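Data first, discussion second: the structure below is written as structure tokens.
The values are calculated or read from the model by the stated rules, or taken from the named source; none is laboratory data. Everything numeric in this text was worked out from a predicted model, so none of it was measured. Cβ coordinates were reconstructed from backbone atoms using ideal geometry, including for glycine residues, and neighbour counts include every protein chain displayed. Only protein heavy atoms, including side chains, enter the accessible area calculation; ligands, DNA and RNA are left aside. Shrake-Rupley method; radii C 1.70, N 1.55, O 1.52, S 1.80 Å.
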Amino acid sequence: MTRDQSGTWEMESNNNFDGYLKALDFDLAICKIAVCLTQTKIIDQNGDNFKTKTISMFRSYDVDFTVGVEFEEHTKCLDNRHVKSLVTWEGDILVCVQKGEKENRGWRQWVEGDKLYLELTCSDEVCHQVFKRK
């Protein structure tokens, strides 16, 4: 594993995205559309500073953060909530805890070889996404 996550990443797999979206209170119609879409992630990393963009045909979402610095995040392109997010390193894995009205919300992200792995968590649901470096 490496801490360098910079690059353009194209989605290869997206397991249990519908369960994750349901935990965020998305309606069934949106869930059915969202699971069919592929995503591209663009990550510009400078040390512990990250500028990220997630792009799909349905929505795009940008989030910039510095590891170890809590920030207010408005998930307007996802579930339109306000959360306090804190991203830290656990070894070579980025771990984000998002505090708000949903329990056990956050994500884990890491790179192995030419793959980026992302685990999205909300309540008891976990979505596993895999991206390949473009």
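Worth a mention:
- Identity of the residue in region 109-134, assigned to a loop (DSSP other than H, G, I, E, B) and in contact with a strand residue (DSSP E or B) (Cβ under 8 Å, 6 or more places away or on another chain), that ends up farthest from GLN39 (Cα to Cα): SER123
- For GLN45: the one exception among (1) touching a residue at least 40 places away in the same chain (Cβ under 8 Å); (2) within 25 Å of GLU103 (Cα to Cα): (2)
- Among the candidates VAL83, VAL69, the residue that is touching a strand residue (DSSP E or B) at 6+ places or on another chain (Cβ under 9 Å), free of Cβ contacts under 8 Å to residues at least 40 places away in the same chain, buried (at least 16 other Cβ atoms within 10 Å of the Cβ) and over 21 Å from MET11 (Cβ atoms) is uniquely VAL83.
- The set of residues in region 89-104 that are without any contact (Cβ under 8 Å) to a residue 40 or more places away in the chain, surrounded by 13 or more Cβ atoms within 10 Å (Cβ to Cβ) and not hydrophobic (A, V, I, L, M, F, W, C) comprises GLN98, LYS99, GLY100, ASN104.
- Residue that is farthest from THR8 (Cα to Cα), among those in region 57-66 that are exposed (fewer than 15 other Cβ atoms within 10 Å of the Cβ) and without any contact (Cβ under 8 Å) to a residue 24 or more places away in the chain: THR66
- The lone exception for LYS41 - which of (1) modelled with pLDDT under 95; (2) open to solvent by less than 80 Å² (accessible area, probe 1.4 Å) it fails: (1)
- Total residues in region 65-101 satisfying the condition of being within 16 Å of GLN5 (Cβ to Cβ) and under 12 Å from the mean Cα position of the chain (by Cα): the figure is 4.
- Filtered by the rule that a residue be within 20 Å of THR40 (Cα to Cα) and part of a loop (DSSP other than H, G, I, E, B), region 69-108 gives THR75, LYS76, CYS77, LEU78, ASP79.
- Residues of region 9-34 that are more than 14 Å from the chain's Cα centre (by Cα) and open to solvent by 30 Å² or more (accessible area, probe 1.4 Å): GLU12, ASP18, LYS22, ASP25, PHE26, ASP27, LEU28, ALA29, ILE30, LYS32, ILE33.
- Meets criteria (at negative phi and in contact with a Ser or Thr (Cβ under 6 Å, 6 or more places away or on another chain)) for VAL95: yes
- 3 or more residues β-branched (Val, Ile, Thr): qualifying strands (runs of 3 or more DSSP E) within region 1-68: 40-46, 49-55
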